[in-house]
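Read through the structure below, which is laid out as C-alpha cells, and then see the notes.
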Amino acid sequence: MNEPTTWWSDAGLPPAAGRVLEHLVAHPESTPAEIAEALGLPSRGVALALRTLSDELLAVRVSLSPARWSANPPR
C-alpha cells in the first residue's frame with residue numbers, strides 16, 4: 001500500500017523529514033527529543049531529518065544548549 005502524496009514528498013523530502021518540518025512549523029523551537037517523542041520517531045531518524053532540512057534551508061537551529069530547531073522562514 002502506498003502512502004498518500006503530500007506537498008513535502010512532491011518536493012523530494014523523505015517522509016520523516018516532511019513530518020519533522022510539519023512539527024517545527026506548528027511547534028517552533030523544539031528539541032530533537034521533543035520532536036522524536038511527539039512523532040514517535042527514533043532520535044537517529046530525527047537527527048537525519050533535521051540535517052536534511054538544514055541542508056535544504058528549511059530548518060534552522062535557534063539555540064545550541066539545549067539544541068532547539070525551528071522551521072526556516074521561506075525565502
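The values are calculated or read from the model by the stated rules, or taken from the named source; none is laboratory data. These numbers were taken from a predicted model, which means no experiment stands behind them. Calculation scope for accessible area: heavy atoms of the full protein, side chains included, ligands and nucleic acids excluded. Shrake-Rupley method; radii C 1.70, N 1.55, O 1.52, S 1.80 Å.
Some points to look at:
- With the whole protein complex present, Ser43 retains an accessible surface near 90 Å², based on a 1.4 Å probe.
- Per residue solvent-accessible surface (Å²) - the range 35-75, probe of 1.4 Å: 68 Å²
- The H on the amide N of Trp69, modeled in the peptide plane, is under 5 Å from the matching H of Glu29, Ser30, Thr31, Val62, each at least 5 residues off or on a different chain.
- Whole-percent carbon and sulfur share, accessible surface of the range 20-75, 1.4 Å: 55 percent
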